[in-house]
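**Q** Please see the structure below; I have some questions.
FYI, it's all coordinate maths here, none of it is from the lab. Since we're looking at a predicted model, the values are computed, not measured. Here the Cβ is made from the backbone with ideal geometry for all residues, glycine too, and neighbour counts use every protein chain on show.
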4 protein chains.
Amino acid sequence: MLFASDNWAGAAPEVLQAIVDANSGAAPAYGGDPWTARACAALSETFDRDVAAFFVGTGGAANGLALSTLAPPYGMIACHEASHVQMDECAGPEFFTGGAKLLPIAGADGKLTPLTLRAAIDAFPERPPHGSPFAALTLTQGTEFGTVYDPAEVAALAAVARAAGMKVHMDGARFANAIAALGCTPADVTWRAGVDVLSFGGTKNGCLAAEAVIFFDPDGAKDFEFRRKRAGQLFSKSRFLAAQFVAYLEDGLWLRLAARANAAAKRLSGGLADIDGCEIWAPTEINEVFASFPPETEDRLKLAGALFFPWVTPGDPAAGRMRRLICSFATTDEEVDRFLAVASA
Amino acid sequence: MLFASDNWAGAAPEVLQAIVDANSGAAPAYGGDPWTARACAALSETFDRDVAAFFVGTGGAANGLALSTLAPPYGMIACHEASHVQMDECAGPEFFTGGAKLLPIAGADGKLTPLTLRAAIDAFPERPPHGSPFAALTLTQGTEFGTVYDPAEVAALAAVARAAGMKVHMDGARFANAIAALGCTPADVTWRAGVDVLSFGGTKNGCLAAEAVIFFDPDGAKDFEFRRKRAGQLFSKSRFLAAQFVAYLEDGLWLRLAARANAAAKRLSGGLADIDGCEIWAPTEINEVFASFPPETEDRLKLAGALFFPWVTPGDPAAGRMRRLICSFATTDEEVDRFLAVASA
Amino acid sequence: MLFASDNWAGAAPEVLQAIVDANSGAAPAYGGDPWTARACAALSETFDRDVAAFFVGTGGAANGLALSTLAPPYGMIACHEASHVQMDECAGPEFFTGGAKLLPIAGADGKLTPLTLRAAIDAFPERPPHGSPFAALTLTQGTEFGTVYDPAEVAALAAVARAAGMKVHMDGARFANAIAALGCTPADVTWRAGVDVLSFGGTKNGCLAAEAVIFFDPDGAKDFEFRRKRAGQLFSKSRFLAAQFVAYLEDGLWLRLAARANAAAKRLSGGLADIDGCEIWAPTEINEVFASFPPETEDRLKLAGALFFPWVTPGDPAAGRMRRLICSFATTDEEVDRFLAVASA
Amino acid sequence: MLFASDNWAGAAPEVLQAIVDANSGAAPAYGGDPWTARACAALSETFDRDVAAFFVGTGGAANGLALSTLAPPYGMIACHEASHVQMDECAGPEFFTGGAKLLPIAGADGKLTPLTLRAAIDAFPERPPHGSPFAALTLTQGTEFGTVYDPAEVAALAAVARAAGMKVHMDGARFANAIAALGCTPADVTWRAGVDVLSFGGTKNGCLAAEAVIFFDPDGAKDFEFRRKRAGQLFSKSRFLAAQFVAYLEDGLWLRLAARANAAAKRLSGGLADIDGCEIWAPTEINEVFASFPPETEDRLKLAGALFFPWVTPGDPAAGRMRRLICSFATTDEEVDRFLAVASA
């Protein structure tokens, strides 16, 4: 009954096999290999557009490097107050951008709205050169509260951002889960809705360690290779990152894995909602459930070996009682049902 | 009727004369001059303790350099959401610290309280190494809303900060005005209340361009000289900065100038409170008045040549109608009275 | 006939198998897994001392992060003018340290000597706070010219460094090759000789992507976890990095692989030395051969499918004619002999 | 007999008077004042072209900020190995640029030549994205060895730089001395010769504290205001910086002061050349003399109160015996003659 995090799971068998297969003989280093070319082509196909794509090792690096191409070192980056870039990257965006400022904005269910974004912008008068000029908006898709932005919501936020002179970044550490939930095309909720750069996550959803930074306008990627190299994110044997993405995108594996994780979370959430005393604190739209339990229920679950953690966050609607339960592609119905059985016992 | 900003005033005659006097012949560069020694001694005397003091050219540099000694580049700096470091330094603190993160916290009248500080800390779980570790609290004295922290308030905030592992910085761009208002000793509201480093402003209160960074524990200043030098804030002819502080501190000039500015603001604020339709939005404790006027009153004031600006800020209680009126040591009662006469006409 | 680079090789079968084996079920993320503990223990055993070890994805990250713990952002880092940190990391060390300065120093065969180091120090007067204070020396082991420092040479350099107030870093991207060549213990040429922090490379010698930063004094590692995290080098599924090191160190695999690569280079170098018109420009001590060929020989080699590149570098003794030939653990005697046959035809 | 540094002198009377005069009443802060407009106009006139000019407090800030507009944080800045940016700014250029790399290049008399610059470029292969891409060349005018570049020399260097993709910066901390020595127009040796941005020094030549960053192509200055602000180099009462430049440029004061300092140095250098045992180590083209003395002569000079310091530098032709003697606008013939008398006694 492992609900600690989706990154406790290992790699999906298909992804691991792709790594093994890519180990056949020598190949040019630093991205000059055929796997990199194939993965980039697959990404262009996935997004229905010629994209410039770059592979890096972690989501934090993907976000930081992406933002460093959108915001000058004195620029402002608007984000949700509970977002990963704000809460969980140990000031990584500030590091990669050379000192850009993050403006955390509150919002229910981990989401920004055109109104809250606009209000935050209005309350921060730039009076150049005194205030940091607004440079980028970053949205998380799916969010840290397990919710998603639909294409119209993204477009509305991007419009506000653009009107204020900002580019739009999307942190897609759980992009697969979001697409599986939304049912739209990857293009619809990204560049067609005004997103300039996407951090496309693989690791939380069955890759071993692979994230892609995707520029929908390849012009924006002009100095990305320099930035990635100096940050130690250009892997010499980078075929092994690309090979993961080849397998991940092939035959829709990424969406199948995400759908499985989402379904497990939905099963869990639906079950908990029916249990007296259990509360659900955010809509379960992807693979995360935010719940609270009566103390004795929690004790029982822990005793039975269930693994999950408290979730403390700005904008916490549960006053400290919230627990985060994450499902992965490897979560089984049996695990979920056992958890529910213990919870309702 | 100039109420645009206290830095539109020139230098106080005593300060200017000190610069002229310091120009007698040659002197060692980079702080090896007698004025620097005298100014440092005067600061130790002012603060009733041996301090390590360093002169820089601007308040932004003072704040940024001070914070860079308190927070590592991945550390968190808690501040009020309307503070100068957050709103007006174009991401300067992020620059000087090499990427530390600022956590803006809301609070009435430009002030933090132990409760709001504690709540912000609690909502940002560090889970090392994921969240930026809390490293420093910075307080503004007097605040951006023209209010002051009394020694007990500073001590209570410093206690919360220290319990969370943070050092305490005070942005004293208007420290003189605060001391003149509080009537306490400079020591009482700084190191005796738990402040580690103070940006002691001179420029807004009659200096030409002179700010001091003051370490109450000289050990904390170990690498300050290197940081100041690389930031281009070590002035070769630095006797001219020190000479300003010598004059500023001598015979209590700094407090006399500040008292004059505070009194003008009080006169202005008191007068406005009696005028129908004028509202005062924060207690007038130092030299700043936050007011709003009926549109026709504002038009009349502008037409009569009054100079002041809207004040847009997070936490604005006036929904965009707030105007900031700042008095300086050079503001005359006559100016204030004329303003009041036009306003009440 | 692939002599382009040791990172064109794939992963050694043992290393790949370890990754596959590590994929059995779930495991705590971010280093809380048993592989990480085992790898750290193996490193302590390898170095005959309790070390603090951290895994990262690339050599550039290992070097940059290691140096960021040794040098303040205004400090000086002495290095060889042809070193990887100076030539090949796109200003990575400057990035990770927040702006430390690299002082490139010339020296034959890619090596510094106590004399050249001392002379460079003496020619750069610090006059605090004007010059950057010397903070760290970084040595490459084996060097970019395919040579090694023996323990006495390291100790002599470390003594000069320490006398000037510097800590000592070793870039061991090819540390395995150096140890295989030197025949000494890993301890002898690192901490026993005065090295504080080692970047211990795996990737060039049979790992898929795994480097370790090793602190011989664990106290020096106090803030490493924060720095690694904010740089996006803390891998969520980090068991897969650690598992590589477990396999790498087990039963001396790392030394066997390195010995194989070294032997191939020796065979190549020895053969070339006997061929008329071929010149060898640096002692072949590890897995790199620096040679030049008559133009017609080079044409013949290229035509026959041999892959190798010109090596342009400061301190080039060959005036632009030098070629770098690198052997890896996967280089076969047959490849070498075929190359020699074509070269001597 | 003060030959310690030109920045031990105070301010020229005309400059100080301009500061006093500028203190008449209130004026807009942050550069919205009439002195700033006048100084900018005077700079455009001085350079025979519409320039974008910005005032800052120190030469280190001028250089660092100028370079930050020319080089990306991963870029390479070529400089002389004895230059101020390399030796005397405590890694300031690395700080302001966010981590750009300085490439120190040797050269006689403190000067680069097209050949030495070209050789340094050729020895540093970029192989994008591995090596830092060459972004900027910075020349010092007059140099740290008291020499100057004539317009043809600057043009030849700029041509090499431009061919390698670099912009050209000139560190003109002693620009006045160089122009006074060269007898050419300021335009001839800057933009007409290919210089993009100039740090135009005032402080070493009679200003109190005033330096200007001058963009010959105003387009290059687009984000300078943000960079200056976040670095704490935008002075609130900036009229006092501008007023210095107004006086400095008016009626050619800057060139008169510089000519005086240069003449004193020439008198000193010429006299020393005739004294047995005294050696001159670089042509005395501006206000600096690099000499060595027999030990007994030096003792006698020190005893007589002469103030000057050893000059230790990379590329030292005097093996540690070199002394730097700097004249300022305030140096008198009498001082020089007395020094010569003691030296030759």
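**Q** Can you tell me what the convex hull of the Cα atoms of region A:144-286 projects to on average, as an area in nm²?
**A** Convex hull of Cα atoms, orientation-averaged projection: 10.5 nm².
**Q** Classify region B:86-132 as rounded, prolate or oblate from the Cα gyration tensor: take a ≥ b ≥ c as the square roots of its eigenvalues, call it rounded if a/c is under 1.5, otherwise prolate when a/b beats b/c and oblate if not.
**A** oblate
**Q** Taking the rotation axis that maps chain A onto chain C, which residue of A brings its Cβ closest to that axis, and at what distance in whole Å?
**A** Nearest to the symmetry axis by Cβ: A:Gly57, 2.
**Q** For the ranges C:160-173, A:8-21, what's the packing order if you count other beta-carbon atoms within 10 Å of each residue, average per peptide, and put the highest first?
**A** Result, highest mean first: C:160-173, A:8-21.
**Q** Using +1 at the Cβ of each Lys and Arg and -1 at the Cβ of each Asp and Glu in region C:12-252, identify which of C:Thr185, C:Val148, C:Ala159 lies farthest towards the dipole's positive end.
**A** C:Ala159
**Q** Per-residue counts of other Cβ atoms within 10 Å, averaged by peptide: what ranking do you get for B:143-149, A:88-94, highest first?
**A** A:88-94, B:143-149
**Q** How far, in nm to one decimal, is C:Leu307 from itself in the other copies if the label point is set 7 angstrom along Cα toward Cβ? Shortest first, please.
**A** 4.1, 6.7, 7.0
**Q** At q = 0.06 Å⁻¹, what base-10 log of I(q)/I(0) does the Debye formula yield for the protein assembly as shown when every alpha carbon is treated as an equal point scatterer in vacuo?
**A** Each listed q maps to, in turn, -0.57.
**Q** What does the structure give for A:24-34 when I average, per residue, the other chain Cβ atoms found within 10 Å of the residue Cβ?
**A** Per-residue shielding by partner chains comes out at 4.
**Q** Taking Cα centroids, how far is region B:139-154 from region B:278-331 in Å?
**A** 20 Å
**Q** Pairs A:Lys101/B:Lys204; A:Lys222/D:Lys229; A:Lys229/C:Lys167; A:Lys229/C:Lys204: which are spaced more than 20 Å apart, C-alpha to C-alpha?
**A** Values: A:Lys101/B:Lys204 26 Å; A:Lys222/D:Lys229 27 Å; A:Lys229/C:Lys167 26 Å; A:Lys229/C:Lys204 17 Å.
Exceeds cut-off: A:Lys101/B:Lys204; A:Lys222/D:Lys229; A:Lys229/C:Lys167.
**Q** Using the alpha carbon gyration tensor of chain A, what are the three equivalent-ellipsoid semi-axes (square root of 5 times each eigenvalue), largest first, in whole Å?
**A** That gives 32, 27, 16 Å for the three semi-axes.
**Q** Most mobile of A:Phe293, A:Phe200, A:Phe134 per a Gaussian network model of chain A (Cα springs, under 10 Å)?
**A** A:Phe293
**Q** Here is a follow-up. Convert 10 °C to kelvin, take the viscosity as 1.306 mPa s, use the Kirkwood radius over C-alpha pairs of region A:254-344 as Rh, and evaluate the Stokes-Einstein diffusion coefficient in µm²/s, rounded to a whole number. Don't skip to the answer; put the middle values down first.
**A** Numbers: Rh = 13.2 Å.
It comes out at roughly 121 µm²/s.
**Q** Per residue of C:235-241, count partner chain C-beta atoms within 10 Å of its C-beta, then hand back the mean as an integer. Please report the intermediate quantities before stating the final value.
**A** On the way: counts 7, 11, 11, 3, 3, 6, 3.
Across the residues of C:235-241, the mean count of other-chain Cβ atoms within 10 Å is 6.
**Q** Let me ask something else about it. How shielded is D:62-74 by partner chains, expressed as the average number of their Cβ atoms within 10 Å of its Cβ atoms? Please list the in-between numbers first.
**A** Working: counts 1, 1, 3, 1, 0, 0, 2, 0, 0, 1, 6, 13, 14.
For peptide D:62-74, the averaged partner shielding equals 3.
**Q** Let me ask you something else. Which ³J(HN,Hα) values in Hz, rounded to whole numbers, follow from the phi angles of region A:65-80 under the Karplus curve 6.51 cos²θ - 1.76 cosθ + 1.60, where θ = phi - 60° and Gly and Pro get x?
**A** Rounded to whole hertz, the list is 5, 4, 5, 5, 8, 9, 10, x, x, 10, x, 9, 10, 7, 8, 6.
**Q** Only helical DSSP H runs with n ≥ 4 go in: add -39500 (n - 2.57) per run for chain B, normalise by residue count and round the 222 nm mean residue ellipticity to 500 deg cm²/dmol. Mind showing how you got there, number by number?
**A** On the way: 13 runs with 135 residues, N = 345.
Mean residue ellipticity, 222 nm, calculated: -11500 deg cm²/dmol.
**Q** Nearest 20 debye, what's the magnitude of the dipole of the protein assembly as shown about its Cα centre given +1 on Lys and Arg Cβ and -1 on Asp and Glu Cβ?
**A** 0 debye
**Q** About the Cα centre, and with charges only on the beta carbon of Lys, Arg (+1) and Asp, Glu (-1), how big is the dipole of chain B? Nearest 20 debye, please.
**A** Details: 28 positive and 40 negative charges, 158 e Å.
Roughly 760 debye for chain B.
**Q** Comparing A:Pro283, A:Pro133, A:Pro125, which has the greatest mean-square fluctuation in the GNM of chain A with Cα pairs linked when under 10 Å apart?
**A** A:Pro125
**Q** Further, regarding this structure: Along the charge dipole of chain D, pointing to its positive end and built from +1/-1 on Cβ of Lys, Arg, Asp and Glu, which listed residue (D:Ser132, D:Gly59, D:His80) has its Cα farthest out?
**A** Comparing the listed Cα positions along the dipole, D:Ser132 ranks first.
**Q** If you take every DSSP beta bridge whose two residues both sit in the protein assembly as shown, what share of them, in percent to the nearest 5, is antiparallel?
**A** 50 percent
**Q** On a C-alpha basis, how far is the centre of region C:94-131 from the centre of region C:242-272 in Å? Whole number, if you could?
**A** Going from one Cα centre to the other spans 32 Å.
**Q** Using a Förster distance of 22 Å, how high is the FRET efficiency between B:Ala152 and B:Asp48, based on the Cβ-Cβ distance and rounded to 0.05?
**A** My answer for the efficiency is 0.75.
**Q** With the cut-off at 1.5 for a/c, could you classify region A:185-254 from its C-alpha gyration tensor as rounded, prolate or oblate? Don't skip to the answer; put the middle values down first.
**A** Values: a/c = 2.28, a/b = 1.03, b/c = 2.22.
It is oblate, given that a/c is not under 1.5 and a/b is not larger than b/c.
**Q** Using a 7 Å offset from Cα along the direction of the beta-carbon, what are the separations from D:Asp219 to the same position in each other copy, nm, ascending?
**A** Here D:Asp219 shows inter-copy label distances of 1.4, 5.6, 5.6 nm.
**Q** Quick one: what are the phi-derived ³J(HN,Hα) couplings along region A:99-111, Karplus 6.51/-1.76/1.60 with θ = phi - 60°, whole Hz, x for glycine and proline?
**A** Rounded to whole hertz, the list is x, 4, 9, 9, 10, x, 10, 6, x, 5, 6, x, 10.
**Q** Can I ask one more? Can you sort B:Leu139, B:Leu301 by how many other beta carbons sit within 10 Å, fewest first?
**A** B:Leu301, B:Leu139
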